[in-house]
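> Handing you a structure now.
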Amino acid sequence: MNDFPARVVVDLGAVRGNVRSLAAHAPTAQVMAVVKADAYGHGLVPVALAALEGGATWLGTAQVTEALHLRRAGVTGARVLAWLYAPGAPLREAVEADVDLGVAAPWALDEVAAAARAAGRTARVHLKVDTGLSRNGLVPGQLPDVLAAARALEAEGVVDVVGVFSHLALADEPGHPTVRAQADAFAQAVGAVERAGVRLEVRHLANAAATLTDPALHWDLVRPGIAVYGLSPVPQVAGPDAYGLVPAMTFEAELATVKPVPAGAGVSYGHRYVVPRDTVLGVVPVGYGDGVPRHASGTQDRPGGPLQVGGRRLGVAGRVCMDQVVVDLGPGAHDAAGDRVVLFGPGTGGEPTAQDWADAAGTISYEIVTRVGGRVPRTYVESDRPAGDDLGAVAHAAHPPAAVPGGVA
C-alpha cells in the first residue's frame, strides 16, 4: 500500500493495445505516439516504451526537455520529434541527442542552425505550417523565405528537412468544412516544399480524431495523442469501444473519514450541499490539488463529479477542496475508512470514466487525465487484458514516477 491515500493505476497493456488499434485504423502510415505532458499524466517513459512495443515508430513531445528526458532514460530506438520551444531552448543538446525539431518560425530555423553548428551534427527538422489553426506554425507568406534558407543550410550540411506538418483545428468535428480547407492548404504547402527539391521522409497532419475518422488525412505518419490512452477524441460520435480502445488510467483513493450527520447539515465550503436526511458522509482525500476539477463540485440541485464506492455510483457532495472531497454515502451506509473509491477508470466495472468527469466539469477528457497531480503516485500494470477485465483484480506494482526535467513529471 502506498503512503499516499490515492493512486493512479496505468495499464500499459491497454496502451500497447490502443497503439495496435490505431495502427490498424491507419495501415498505410507510421504511428507517432504523442507523449507530451508526462504522457497525458500517465508517465512519460513507461508509456513511451509501451507505445513502441505496441508498434509506434515515432514519439512526439511538445517541449524539448521532454524529448531529452526520453533520450536520457534510454529511449533510443525510435525517432522523437519536439515542436514547441522559445528562443534559448536547449537545441544543441537536442541535436546531439538525435531529436527531430519542428521549425515553426523564421527565428527557429536560425537557432536550430546555430545549434547544429555548435554540435557539429546535422539537425533533422520538420517545417510546421499554419493551415488554419492560427497557433504555432509558418504562415504562407513566411514559407518561401524559410524554405530558401533551409535549402541553403541543407547544401551546407547544417540541416536536413525531413518533414512537413500541421495541426487541425476541428478534426473532432468530422466533416466540418475547415478540415477539408486545412487539408487543401497542407497539400499546397507540401507541394511547394517538394517542388523546391526537398526529399521528405514524412508528411503528417492527422491527430487522434483524424486518425480514427478520416483516412484521407493520414499521409505518411499519424500523430494520435488522447487515443493512445484509450479515450475517444470524438466522444460525441462514439466512445472508445467503437475504435478498439481501452482507457489506460484508473484514479482511485481510500475513504479517510466516515461519519453520521443529521438532516440539515451543510457540507464543505459554502454549504452548497445540505443533506436532506440523516445520512453517512465519507471523505475522499484528494482534491483540486490532485487534479480533481473544482468545477465538478456538487450542489443541492446538481450532483458533483461521479465516484464509485462499494459498487455504488455516487457523486461529490459540496465543493471540491484542495485536498479532499465529500461523498454522501446514504442513510445506514456500512462503508468504512480505508474502503476503495474509484474516481474514474475504464468503465468496464461500472465505475465512472474520465469522460464522465469531463461532462461533469464542462471540459474534455484530455484535461481530466493530464491534470492529475504529481503527488499522486503512479502504479503500472503489465497486462495485455482484453476490454472488460477487472483492473482492480490485477496485482499492482508500485512504481512512482521519476522527476522529469522541465516540470513535466
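> State yes or no: is Leu22 more than 25 Å from Ala73 (Cα to Cα) and touching a residue at least 12 places away in the same chain (Cβ under 8 Å)?
Considered against the rule, which asks whether it is more than 25 Å from Ala73 (Cα to Cα) and touching a residue at least 12 places away in the same chain (Cβ under 8 Å), Leu22 comes out as yes.
Residues are listed down the side, and each one gets a yes or a no for (1) surrounded by fewer than 17 Cβ atoms within 10 Å (Cβ to Cβ); (2) more than 19 Å from Thr61 (Cα to Cα); (3) polar (S, T, N, Q):
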{"residue": "Glu173", "(1), (2), (3)": "yes, yes, no"}
{"residue": "Arg199", "(1), (2), (3)": "yes, yes, no"}
{"residue": "His204", "(1), (2), (3)": "no, no, no"}
{"residue": "Ala209", "(1), (2), (3)": "no, no, no"}
{"residue": "Thr213", "(1), (2), (3)": "no, yes, yes"}
{"residue": "Tyr229", "(1), (2), (3)": "no, no, no"}
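> Further, regarding this structure: Taking the stated definitions as given, is Arg117 out of contact with any strand residue (DSSP E or B) (no Cβ under 6 Å at 6 or more places or on another chain), farther than 21 Å from Val139 by Cβ, of a type outside the set (A, V, I, L, M) and in a helix (DSSP H, G or I)?
It is true that Arg117 is out of contact with any strand residue (DSSP E or B) (no Cβ under 6 Å at 6 or more places or on another chain), farther than 21 Å from Val139 by Cβ, of a type outside the set (A, V, I, L, M) and in a helix (DSSP H, G or I).
> Pick out the one residue from Ala29, Ala6 that is within 30 Å of Val325 (Cβ to Cβ), hydrophobic (A, V, I, L, M, F, W, C) and either crowded, with 22+ Cβ neighbours inside 10 Å or in contact with a strand residue (DSSP E or B) (Cβ under 6 Å, 6 or more places away or on another chain) (or both).
Ala6
> Of the residues Arg79, Arg135, Arg92, which single one is in contact with a helix residue (DSSP H, G or I) (Cβ under 8 Å, 6 or more places away or on another chain) and either assigned by TED's automatic domain parsing to the domain that holds Asp214 or acidic (Asp, Glu) (or both)?
Arg92
> Let me ask something else. Quick check: is even one residue across region 153-171 surrounded by fewer than 14 Cβ atoms within 10 Å (Cβ to Cβ), under 22 Å from Asp214 (Cβ atoms) and small (Gly, Ala, Ser)?
Within region 153-171, not a single residue is surrounded by fewer than 14 Cβ atoms within 10 Å (Cβ to Cβ), under 22 Å from Asp214 (Cβ atoms) and small (Gly, Ala, Ser).
> Inspect all residues belonging to region 114-129 and state whether any of them is surrounded by fewer than 17 Cβ atoms within 10 Å (Cβ to Cβ), at pLDDT 95 or above and within 22 Å of Arg223 (Cβ to Cβ).
Looking for residues that are surrounded by fewer than 17 Cβ atoms within 10 Å (Cβ to Cβ), at pLDDT 95 or above and within 22 Å of Arg223 (Cβ to Cβ), one finds none in region 114-129, hence no.
> Return only the number of the condition from (1) under 30 Å from Leu52 (Cβ atoms); (2) without any contact (Cβ under 8 Å) to a residue 60 or more places away in the chain; (3) surrounded by fewer than 24 Cβ atoms within 10 Å (Cβ to Cβ) that Pro240 does not satisfy.
Single failed check for Pro240: (3).
> Same structure, new question: Which one of these is of a type in the set (Lys, Arg), buried (at least 18 other Cβ atoms within 10 Å of the Cβ) and touching a residue at least 12 places away in the same chain (Cβ under 8 Å): Arg272, Arg294, Arg371?
After ruling out the rest, the residue left standing is Arg272.
> Filter region 347-358 for residues that are out of contact with any strand residue (DSSP E or B) (no Cβ under 7 Å at 6 or more places or on another chain), outside any helix (DSSP H, G or I) and not hydroxyl-bearing (Ser, Thr, Tyr); which is farthest from Thr250 (Cα to Cα)?
Gly349
> Take the residues in region 65-87 that are within 17 Å of the chain's Cα centre (by Cα) and without any contact (Cβ under 8 Å) to a residue 40 or more places away in the chain; name whichever of them is surrounded by the most Cβ atoms within 10 Å (Cβ to Cβ).
Restricting to residues being within 17 Å of the chain's Cα centre (by Cα) and without any contact (Cβ under 8 Å) to a residue 40 or more places away in the chain, the top hit is Ala67.
> Which numbered condition in (1) under 20 Å from the mean Cα position of the chain (by Cα); (2) closer than 20 Å to His126 by Cα; (3) not in a loop (DSSP other than H, G, I, E, B); (4) not hydrophobic (A, V, I, L, M, F, W, C) is the only one that Arg203 fails?
(1)
The values are calculated or read from the model by the stated rules, or taken from the named source; none is laboratory data. Small disclaimer: the values here were computed from a predicted structure and weren't measured. Here the Cβ is made from the backbone with ideal geometry for all residues, glycine too, and neighbour counts use every protein chain on show.
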